[in-house]
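Structure first, then comments.
The values are calculated or read from the model by the stated rules, or taken from the named source; none is laboratory data. Fair warning: this is a prediction, and the values are worked out from it, not measured in the lab. FYI the Cβ positions are ideal-geometry reconstructions off the backbone, even for glycines, and counts take in every protein chain you see.
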Amino acid sequence: MIRLDIGSATLVGQVRSANEDAVLVGEGLGVVADGMGGHRAGEVASADTIEALRSVEGSRTLEDLVRGVHLANRNISERADADPALRGMGTTVCVVGLVRRDGLDEVAVLNVGDSRVYLLADGVMRQLTEDHSLVESLVREGRISSEEAQSHPQKNVLTRALGVEPLVVVDAWLLRPCDGDRLLLCSDGLTNELDDARIAEILAEGQPPDVTARRLAAEADAAGGRDNTSTVVVDVVDSGAGPAPVGDRFRRITTPAVDLSDIEHGPRTETVMAVLAEPGDPGAAGQAGDAAPGDAADGQPGDGDPADGATVPSPDLPATPVIEGDSEIAALATGGVPAGDVEQVAVAHAEADAAVARAARWRTAAFLLAILVVVALAVGAIAFTARRGWYVGANSNGHVALFKGTPVLWLDPAEVRQADQRVADLSPADQATVRRGSTFADEAEAQNRIANLTTTSTTSSTTTTTSTTTTTAPVPTPAPTPANPGLLPTPTVGPTAPGQ
Ligand code: MG
């Protein structure tokens, strides 16, 4: 009867003061979690993940393993919400578990984050999982090379992790196991210190899983140990199946973007778990003939013989399609999406671009708002100035008139009253003065100015009806006459000003 022979190791390394990695070795189950977060919150996140997956240990269904990852995600999120000291914590997780599906024994591989699962089969090592990291997204988009990714300053930026969002999409694959299959789960502490060729060499030495796990971790430690290093080595034993091409027995499974751990409200899992790509489909398990990184292990670098089943993706190969988020549900509702039609979504990159775009929009909006405020203040100042004071000038009838306000730019003062004097009858000096216009602080001054205008036909001063103005006209009647050129209300203007 098939079983998994599992060994593990985890080391704090040469630099870190604490080990935020955690591993789980159970019956038919191996897990690595690489926690992150200040003040040892990462330890809490990875430990919570191990606890959640321990709760599904012994289960033989893929759905339960995915549910365990969802439960971990929920537990971490809720704990971080409840405790400010733990806010922002998260963790990667990768899982290898023995499951039964359609009456067959299969090895389930799950991943969230940038811890990795490798498979050594038939002398070739391949990376089964895809990193959820910014640099991996950039590599997939062709924006940087795999070599540049190794030294990229944002190498540690994850695009997916547990504890970050209320829901997490879990990458999942199924491998029909064969005797001789050896899987490795590891945190990035291993892959940052040892290249794939060296890892493959150690895996291929054939030591027992626990010895191999310790050797790998110890070598990473000796190479610098700049991060915590965790390794879980899983050997497939007594499968009853001989070696077979990996491409024919490895396939991706969609998982739902809903919380399977929410038993009460969760969907029936069989309606949302489905095979995304069958073996042999383009993109189901990479392309035949790849020069897998582990080729060095069998002493035939780059042999890439399709017949040996070296058909599983490595970081240098074209992307294996991924469906993320709600599109999974939509895809399943329509009977599945052809694997080749789906592009890998560079989540973090898209989010970063969106954030930059949002910031640019806010800056533009703020700039426009500032301009509007300045313009409004200027218009207000002009309008305020235009309404102040009194003005004596010529109106459109050719008469002297009293206006309220002051001409400013395009704003004309409002005519209040038309005087009897025609501008043309004024002395040349007063004609020039009236046509130029005069501004006064108060109405009485303006009225005085009108009263003192002289005409060429008479040398007497004009008269106003303002009680404060001395008149020289002998007739006290208020009605204006030619001999008594007082001010007449202008019919088209509003209420008569005080003093009339
Ligand atoms: Mg790490």
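A few points about this structure:
- Boolean, residue 42 is among the small types (Gly, Ala, Ser), surrounded by fewer than 24 Cβ atoms within 10 Å (Cβ to Cβ) and within 16 Å of the ligand (Cβ to nearest atom): no
- Residue pairs whose Cβ atoms lie under 8 Å apart, sitting 6 or more positions apart in sequence or on different chains, and linking a residue in segment 26-40 that is within 13 Å of residue 87 (Cα to Cα) and touching a residue at least 40 places away in the same chain (Cβ under 8 Å) to a partner that is in a loop (DSSP other than H, G, I, E, B) and away from the ligand (no atom under 15 Å from the Cβ), are 37/88; 38/88.
- Flag if residue 198 is at negative phi, charged (D, E, K, R) and either surrounded by fewer than 23 Cβ atoms within 10 Å (Cβ to Cβ) or at pLDDT below 95 (or both): yes
- Yes/no for residue 230 being modelled with pLDDT under 95 and within 17 Å of residue 30 (Cβ to Cβ): no
- Any chance residue 59 is assigned to a strand (DSSP E or B), assigned by TED's automatic domain parsing to the domain that holds residue 187 and either within 16 Å of the ligand (Cβ to nearest atom) or more than 29 Å from residue 218 (Cβ to Cβ) (or both): no
- Unique residue being in contact with a strand residue (DSSP E or B) (Cβ under 9 Å, 6 or more places away or on another chain) and more than 24 Å from residue 70 (Cβ to Cβ) when the list is 177, 153: 177
- Filtered residues of segment 78-95 (kept if more than 16 Å from the ligand (Cβ to nearest atom) and either part of a strand (DSSP E or B) or in contact with an Asp or Glu (Cβ under 7 Å, 6 or more places away or on another chain) (or both)): 79, 95
- Some residue of segment 208-229 being in contact (Cβ under 8 Å) with a residue 60 or more places away in the chain, polar (S, T, N, Q), in contact with a Gly (Cβ under 8 Å, 6 or more places away or on another chain) and within 14 Å of the ligand (Cβ to nearest atom): yes
- Selected residue (only one of 115, 145 is crowded, with 23+ Cβ neighbours inside 10 Å, hydroxyl-bearing (Ser, Thr, Tyr) and either within 22 Å of residue 50 (Cβ to Cβ) or touching a helix residue (DSSP H, G or I) at 6+ places or on another chain (Cβ under 9 Å) (or both)): 115
- For first residues located in segment 138-166 and in a loop (DSSP other than H, G, I, E, B) and more than 16 Å from the ligand (Cβ to nearest atom), partners that are modelled with pLDDT of 90 or more and of a type in the set (Lys, Arg) and lie 6+ apart or on another chain with Cβ distances below 8 Å form the pairs 166/74.
Residues checked against (1) touching a Pro at 6+ places or on another chain (Cβ under 8 Å); (2) in a helix (DSSP H, G or I); (3) among the aromatic types (Phe, Trp, Tyr); (4) within 16 Å of the ligand (Cβ to nearest atom):
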residue: 4; (1), (2), (3), (4): no, no, no, no
residue: 32; (1), (2), (3), (4): no, no, no, yes
residue: 65; (1), (2), (3), (4): no, yes, no, no
residue: 75; (1), (2), (3), (4): no, yes, no, no
residue: 110; (1), (2), (3), (4): no, no, no, no
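- The residues of segment 428-443 that are among the acidic types (Asp, Glu) and part of a helix (DSSP H, G or I), listed by number, are 430, 443.
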